[in-house]
Protein chains: 2
Amino acid sequence: MTVQETIHEMAVRARAASAELARMTTSAKNDALLAIAKALEAHADEIRGANAADVARAKENGLAPAMVDRLTLTPARFDAMVAGVRHVASLPDPVGETIWTRERPSGIEIRKVRVPIGVIAVVFESRPNVFIDTAALCLKTGNAVILRGGKEALETNKALAAAVKSAGVGDAVQLVETTDHAAVTELVRAVGLVDVAIPRGGERLIRAMCEAALVPVLKHYKGVCHIYVDDKADLAMALSILDNAKTQRPGVCNAAECLLVHEKLAPLFMPMVEAWAKDKGVTLHENEAGTEYLSLDINVAKVADVRAAIDFINANSSHHSECIVTNDAERAAEFLRDVDSACVYHNVSTRFTDGGEFGMGAEIGISTDKLHARGPMGLEELTTYKYLVTGDGVIRK
Amino acid sequence: MTVQETIHEMAVRARAASAELARMTTSAKNDALLAIAKALEAHADEIRGANAADVARAKENGLAPAMVDRLTLTPARFDAMVAGVRHVASLPDPVGETIWTRERPSGIEIRKVRVPIGVIAVVFESRPNVFIDTAALCLKTGNAVILRGGKEALETNKALAAAVKSAGVGDAVQLVETTDHAAVTELVRAVGLVDVAIPRGGERLIRAMCEAALVPVLKHYKGVCHIYVDDKADLAMALSILDNAKTQRPGVCNAAECLLVHEKLAPLFMPMVEAWAKDKGVTLHENEAGTEYLSLDINVAKVADVRAAIDFINANSSHHSECIVTNDAERAAEFLRDVDSACVYHNVSTRFTDGGEFGMGAEIGISTDKLHARGPMGLEELTTYKYLVTGDGVIRK
């Protein structure tokens with residue numbers, strides 16, 4: 001079989017599985033999740049062995065230490081992954097929820113109800129826990145999922161897939177085993193079989209998928225988050241938020257990458273920033289608007305006022321998360337209204353852009369797109385809806 | 001300037017206009033809509049003159065009569081178009097609505113609020129009223145719009161655009177005047193400037209746009225709607241629904257294209273169907289599953305039971321609108337749950353799939369996609385949301 005035929009056959013099987021999944025009760029889906037958690041524990045040795053082989057090969061091939069680290073399924077990460085599956089089982093099921101009902105003068109009654117999307121294709125890179133996290137979220141929401149991981153994690157992913165399969169979920173969770181990139185192209189062009197593709201990886205992967213895609217893609221390019229410190233800010237609060245947003249976890253997408261300072265405040269505040277940067281090992285940059293460092297680096301610019309800050313952000317941010325620090329309610333309201341990003345903060349660190357922190361229970365990613373889902377994507381964002389219309393022989397006049 | 005440069009410049013202007021539009025109050029937007037309605041009336045002669053020129057050229061070029069009809073802006077259609085703008089002004093504004101608020105244990109307060117999408121690109125075919133309808137819906141929801149019509153309607157669209165421009169809406173509504181197809185390609189690839197593309201036309205246009213697109217596309221391929229008549233149906237009701245769904249307006253996407261009859265009922269019901277077809281001039285077909293006739297033709301098939309009907313529909317429909325006629329509540333529930341279409345009906349004609357009939361006030365189209373919008377798309381579907389997060393110096397632990 002060609003790669004195209006293999007993927008097509010998997011997609012056909014996923015479509016059939018999705019019809020079954022859509023009919024499953026919440027408790028049946030939760031039982032399946034708990035069975036997966038048990039199966040992972042039962043297969044722990046095979047999974048760790050496969051991961052050790054992947055890690056050894058990666059080191060041989062001279063993979064960067066950061067990549068090798070991401071690839072490694074430590075005992076703590078393994079346990080967290082299994083606990084994650086059980087946590088998803090404990091969350092409320094959004095499927096079946098009635099969003100609204102309406103009686104119309106024509107005599108029809110309309111119910112808008114939440115249903116699974118259908119078949120989801122997820123392409124991810126080296127972190128093997130993504131396979132299990134994603135499978136659990138899709139299963140919980142009644143979606144079939146086809147996963148394609150990075151080639152360096154193939155043995156680990158195969159072992160994880162075997163464990164999941166042993167839990168009896170049939171074709172609900174399928175792993176693409178070929179490392180041929182044509183598989184990804186075929187997946188994102190499978191109109192009528194795949195309903196949405198979700199890349200979980202770097203910008204290059206995302207761009208390649210969007211370029212090839214005929215099915216919708218839910219994506220997050222990058223996180224270039226801004227902190228604007230207004231001249232009416234509490235300086236201690238501003239420094240605390242800056243410190244948290246930049247240094248608490250610099251490698252993540254909701255970390256701050258650019259500090260904007262009101263020019264009137266700069267003579268007072270910049271020395272504080274410089275002292276903080278020296279203390280925390282942060283490097284301050286200038287004229288690097290739009291850069292995603294993911295490290296202890298931050299771009300700094302002065303702006304004339306809140307309006308200039310808003311314009312700077314809308315021109316240079318990745319529309320992910322931005323914050324204003326001010327005690328002026330009017331300026332805060334203007335910033336919240338006019339900044340065109342998924343999450344806009346007033347006197348709160350940007351690090352809160354996260355499904356867990358937002359009370360979603362779990363997260364499949366953060367969308368910087370505006371359609372379907374924007375910001376953290378939890379279980380609800382893995383669903384769509386349909387209209388159920390009932391009446392007593394009603395016809396249109 | 002090349003076509004690419006022209007489109008890029010229009011998109012940059014639309015992006016700037018969208019920032020202004022997002023800040024406009026509902027009453028300012030409604031005033032702009034009423035000014036457009038007045039301007040259309042003031043420019044009626046120029047618009048009708050331009051349309052007459054388009055129609056004359058279309059006839060000269062031997063355009064099909066149905067196409068010439070679609071292109072013609074009769075006085076009645078002109079009045080309906082202007083009344084439509086005033087109607088949109090009278091509708092509630094979804095922008096600014098709080099979808100939910102949440103206080104989190106961390107001390108942050110989250111508000112999920114409805115906001116405009118930003119810049120919308122609409123590509124349509126020969127009906128010139130689409131230009132005004134779309135402009136009104138986008139303006140009402142605070143979106144800037146770039147419209148590209150069919151080349152046969154170019155003079156009409158230019159006259160309509162001039163009237164809209166005279167109402168003082170700046171770059172909120174822009175018409176692409178070039179007929180070069182490269183303009184469409186550039187529009188749907190303008191990531192960061194165009195937020196979504198909406199094709200309003202035939203399947204070929206939609207496929208071409210999806211093939212080229214890097215921005216999300218909201219679309220509706222076709223309407224292949226099914227009526228399943230169960231053996232526990234009221235036969236008079238079944239015939240009435242079939243008649244309404246097939247003959248009331250056969251050329252539209254929510255008209256029935258396929259009748260499924262329970263095999264036990266067929267000996268009794270098929271003679272009634274044949275008599276009805278003869279009476280109404282409907283041609284019955286066999287073995288043409290999945291065909292969109294848009295005429296007085298319908299495919300007919302027998303199925304073993306409701307499960308077979310569901311499977312037939314999920315395999316052959318366009319996932320638009322389907323109906324079960326039955327007095328059996330359990331079978332109805334099974335059909336409503338398992339048919340994977342935007343609108344699923346029980347004892348109601350499929351002709352109700354419509355923004356007006358659903359109480360949305362207006363409609364920009366019907367989506368057969370599952371992401372962002374499914375089924376009729378009204379004003380709410382032209383919006384997205386953002387999260388506003390406030391606190392008192394809250395940082396992540």
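The values are calculated or read from the model by the stated rules, or taken from the named source; none is laboratory data. Owing to the predicted nature of the structure, the values given are computational and were not obtained by experimental measurement. Every residue, glycine as well, gets a Cβ built from its backbone with ideal geometry; the counts of neighbours run over all protein chains shown. Surface areas here come from the heavy atoms of the whole protein model, side chains and all, with no ligands, DNA or RNA. Shrake-Rupley method; radii C 1.70, N 1.55, O 1.52, S 1.80 Å.
Numerical summary
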| item | result |
| --- | --- |
| Scan of region B:228-246 for residues that are more than 10 Å from chain A (Cβ to nearest Cβ) and either modelled with pLDDT under 95 or under 21 Å from the mean Cα position of the chain (by Cα) (or both), ordered by number | B:Lys246 |
| Residues of region B:178-192 satisfying the condition of being open to solvent by 10 Å² or more (accessible area, probe 1.4 Å) and over 24 Å from A:Ile198 (Cβ atoms) | B:Thr178, B:Thr179, B:Asp180, B:His181, B:Ala182, B:Thr185, B:Glu186 |
| Residues within region B:247-266 that are away from every other protein chain (no Cβ under 14 Å) and at pLDDT below 95, tallied | 1 |
| Filter result for the condition that a residue is touching a Leu at 6+ places or on another chain (Cβ under 7 Å), crowded, with 18+ Cβ neighbours inside 10 Å and under 24 Å from A:Leu336 (Cα atoms), over A:Val300, A:Val306, A:Val261, A:Val282 | A:Val300 |
| Qualifying residue in region B:170-185 (condition: among the small types (Gly, Ala, Ser), within 14 Å of chain A (Cβ to nearest Cβ) and touching a residue at least 60 places away in the same chain (Cβ under 8 Å)) | no |
| Residue check for B:Ala213: farther than 12 Å from B:Ile120 by Cα and either surrounded by fewer than 23 Cβ atoms within 10 Å (Cβ to Cβ) or at pLDDT 95 or above (or both) | no |
| Residues that are under 25 Å from B:Met1 (Cβ atoms) and crowded, with 18+ Cβ neighbours inside 10 Å, drawn from region B:166-177 | B:Val169, B:Asp171, B:Ala172, B:Val173, B:Gln174, B:Leu175, B:Val176 |
| Failed item in (1) open to solvent by less than 80 Å² (accessible area, probe 1.4 Å); (2) in a loop (DSSP other than H, G, I, E, B), with B:Gly84 passing the rest | (2) |
| A:Gly142 vs. criteria within 15 Å of A:Ser18 (Cα to Cα), open to solvent by 30 Å² or more (accessible area, probe 1.4 Å) and either small (Gly, Ala, Ser) or out of contact with any strand residue (DSSP E or B) (no Cβ under 8 Å at 6 or more places or on another chain) (or both) | no |
| Yes/no for B:Val389 being crowded, with 23+ Cβ neighbours inside 10 Å, at pLDDT 95 or above and under 24 Å from B:Phe312 (Cα atoms) | no |
| Strands (runs of 3 or more DSSP E) wholly inside region B:315-397 containing at least 3 residues that are more than 16 Å from the chain's Cα centre (by Cα) and without any contact (Cβ under 8 Å) to a residue 40 or more places away in the chain | B:343-348 |
| Selection from region A:217-260 of residues that are touching a helix residue (DSSP H, G or I) at 6+ places or on another chain (Cβ under 6 Å) and among the β-branched types (Val, Ile, Thr) | A:Val217, A:Ile227, A:Val229, A:Thr247 |
| Restricting region A:216-227 to residues that are in contact with a His (Cβ under 8 Å, 6 or more places away or on another chain) and away from chain B (no Cβ under 12 Å), the residue that is surrounded by the fewest Cβ atoms within 10 Å (Cβ to Cβ) | A:Lys222 |
| Selected residue (only one of B:Ile313, B:Ile324 is buried (at least 17 other Cβ atoms within 10 Å of the Cβ), out of contact with any helix residue (DSSP H, G or I) (no Cβ under 7 Å at 6 or more places or on another chain), within 14 Å of another protein chain (Cβ to nearest Cβ) and at pLDDT 95 or above) | B:Ile313 |
| Test: residue in region A:334-350 that is under 24 Å from A:Asn30 (Cβ atoms) and touching a Phe, Trp or Tyr at 6+ places or on another chain (Cβ under 7 Å) | no |
| Any chance A:Ser341 is farther than 15 Å from A:Arg374 by Cα and in contact with a strand residue (DSSP E or B) (Cβ under 8 Å, 6 or more places away or on another chain) | no |
